[in-house]
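For reference, the structure is listed below as structure tokens.
Only the coordinates and a few stated rules stand behind these numbers; no lab work does. Everything numeric here is computed off the predicted structure, so don't read it as measured data. So basically every Cβ, Gly included, is an ideal-geometry build from the backbone, and we count neighbours across all protein chains shown.
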């Protein structure tokens, strides 16, 4: 198993740093999957995470100008590593004004992902910062649990409002109740509702727009105003929203009635999918 | 004692107090003829800090009212810090700061004269007189490096603020390396991230150390001095010796100087001789016993030598032979009769001049330290294959095992002045 990659472009480095910051906010521990064309940050559907799943994918050639990997074997040319997300984002934070960033898989007393940053320096000599991020190699038998989640056919698919606005609304609602209902229809309307004995609060978002329907036939006679809803834990939604520091290029919300909500975001060229299941 | 600080120096004084507050909980304020000294030591006696402000730092400085002896006092760091808590406020509103020590009323009075006629008076009670003196001599340390504080500030930037300890050493090609130090825990599954910063020799104004030498000290305590030095734009010197011997961090300008003396992790493993460069344990020449300086006379100090006399309360009269302290590692036999009597007061120790045994889990600042003969792992620095790097910062170095806190400081009691 080998992995070596290098980023020299400043913009790519900043983008990669932003992505790792986002991952650090979404998942404390996550799986990094390295394949010849892609890098994935994965959080799978475990009870410990409250059933939340995350799948983040980026094309390696959009970031790295050097990328070499050798997977576990020829037929299974992939590497699955488990790491603490905050370590990676902290390591990349020091690469703000770097000349070059190198990442490689090493084994210094324990397996780690070594991030080596060459800083721009005033003096003639270069300064090098090295971070050894401890990792756990995930054995092949567990790979099946870490595959791209199947996105079920949504009942409603709608574009999200400005995430910052949504986040401030949800933050205030969190103080009132842990149970949030998210509902949307094909008419561009999305509501966030909380209900307690004393008070009900609903925030309405209108004119959001819906993506073109995938299959015409099943939805043709659907009532456009019919709301699909799902009851979720507000803290999970808040954690997802807190991770979005930058406005995404595209943000889509798919609701499967009473089953789950699926967020599909695109940050420039990096796709992020986040699944929150319904409260049982 | 009475002194007056004006203008920008008020903030400087405030910053110094902030720095000292990172070390200890009690501040020893001692007005001397050559300036006002502020000292502190941490609870485990593994860190000592001292700032000396020259008389020129003050608009007015009177060490003692004529006819009276010099007074000393010890006050709670928290109390003194609260006066200077907001540095922004000090800068914006405080015009003058007057500090006076009134032996009669046992009060330290700090008066801040602020804008718009506002005057804030703080009456701090102090505890009985004690003299905190540490024995250390930067000149006797074989290794030293000096750099602008800014360079060192940039060097510690990649390390997490919560990191307790860091190892500083010289690697191949005379590269200066800082590496995060984590205590080895046998049963720990969650390993901590290791960060390493590698700087070239050119970043340093002076680098006098051989490749392979290294010490491990508390980063949190060092940051206290570093932030002060950065704000004052001063150069910071680090004098160090073998692991286990204290490291001395100094800053100096025309109006003040600061010393932070931090214990370093010692190397108690005899196998250490096999690892690393063989020159590491060159015996350091014995300190010459100086001519006995007058206990309170600091004017005799030359710039590089800060041997401060150690006094005992037993028959405190006349001359006393300065204990000569051998700096070579390992247990040392006492060479001065004076040492024995002091050790009787100190905690029981098998060997004078070395730390007393510390139990597991104890230690200042909640940092548990333990005895242990752990086989130090051989660490190698990551290789840099970039064309920009002049030489690969590969650093054969071992991580010394933990040792208890050094108790090389003696707080001595001086006869309390009879109060009238």
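Mind running the shape call on the stretch A:185-280? Use the C-alpha gyration tensor, a ≥ b ≥ c as the square roots of the eigenvalues: rounded below 1.5 for a/c, prolate if a/b tops b/c, oblate otherwise.
Since a/c reaches 1.5 but b/c is at least a/b, the shape of the stretch A:185-280 is classed as oblate.
If the chain between residue A:73 and residue A:164 were fully stretched, how many nm would it gain, using 0.36 nm times the residue separation less the Cα-Cα distance?
28.4 nm
When a/c reaches 1.5 or more, the comparison of a/b and b/c decides; with that in mind, is the stretch A:12-83 rounded, prolate or oblate per its Cα gyration tensor? All intermediate terms of the calculation are to be shown ahead of the outcome.
Working: a/c = 2.74, a/b = 1.25, b/c = 2.18.
Judged from the Cα gyration tensor, the stretch A:12-83 comes out oblate (a/c at least 1.5, b/c at or above a/b).
Which residues does a label at residue A:110 reach in the stretch A:14-54, if reach means a backbone N under 11 Å from a point 7 Å past the Cα toward the Cβ?
Backbone N within reach: none found.
Given a Förster distance of 56 angstrom, what is the FRET efficiency for residue B:231 paired with residue A:191, based on the Cβ-Cβ distance and rounded to 0.05?
Details: r = 52 Å, r/R0 = 0.94.
Plugging the Cβ-Cβ distance into 1/(1 + (r/R0)^6) gives 0.60.
Give me the extension gain from residue A:9 to residue A:231: residue separation times 0.36 nm, minus the current Cα-Cα distance, reported in nm with one decimal. Before the final figure, lay out the partial values.
Numbers: separation 222, 0.36 × 222 = 79.92 nm, distance 4.34 nm.
Taking 0.36 nm per residue and subtracting the Cα distance, the gain is 75.6 nm.
When you look at the Cβ of every residue in B:199-209, what mean number of other chain Cβ atoms sits within 10 Å?
Working: counts 8, 7, 2, 5, 6, 1, 0, 0, 0, 0, 0.
Taking all residues of B:199-209 together, the mean is 3.
Quick one: grab the alpha carbon gyration tensor of the stretch B:1-120, order the square roots of its eigenvalues as a ≥ b ≥ c, and give me rounded if a/c is under 1.5, else prolate or oblate depending on whether a/b is larger than b/c.
On the way: a/c = 1.63, a/b = 1.10, b/c = 1.48.
Here the stretch B:1-120 falls in the oblate category.
Could you check the simple spin-label distance between residue A:200 and residue A:38, using points 7 Å along Cα→Cβ, in nm with one decimal?
4.2 nm
Calculate for chain A the 222 nm mean residue ellipticity that helices alone would give, adding -39,500 (n - 2.57) per DSSP H run of length 4 or more and normalising by residue count, nearest 500 deg cm²/dmol. It would help to have the intermediate numbers written out before the result.
Details: 5 runs with 51 residues, N = 280.
Calculated from helices alone, the mean residue ellipticity at 222 nm is -5500 deg cm²/dmol.
If you fit an axis through the alpha-carbon atoms of helix A:163-174 and take the longest principal axis of the Cα set of chain A, what angle between them do you get, 0 to 90°, nearest 10?
70 degrees
Quick check for you: which residues of the stretch A:45-85 have the amide N under 18 Å from the point 7 Å beyond the Cα of residue A:1 toward its beta carbon?
A:68-85, by backbone N distance to the label point.
Once you place label points 7 Å from the Cα toward the Cβ at residue B:111 and residue B:202, how far apart are they in nm?
Calculated label separation equals 5.5 nm.
In degrees between 0 and 90, to the nearest 10, how far off the longest principal axis of chain A does helix A:10-26 point, with axes built from Cα atoms?
Value to nearest ten degrees: 50.
Just want to confirm a number: the relative contact order over the stretch A:156-277, from Cα pairs under 8 angstrom separated by 6+ residues, in percent. Can you show the working numbers first?
Numbers: 235 pairs, mean separation 33.7, N = 122.
Relative CO of the stretch A:156-277 lands at 28 percent.
Using a 7 Å offset from the Cα along the Cα-to-Cβ direction at both residue A:245 and residue B:65, what is the distance between the two label points in nm, to one decimal?
In this crude spin-label approximation the distance works out to 5.9 nm.
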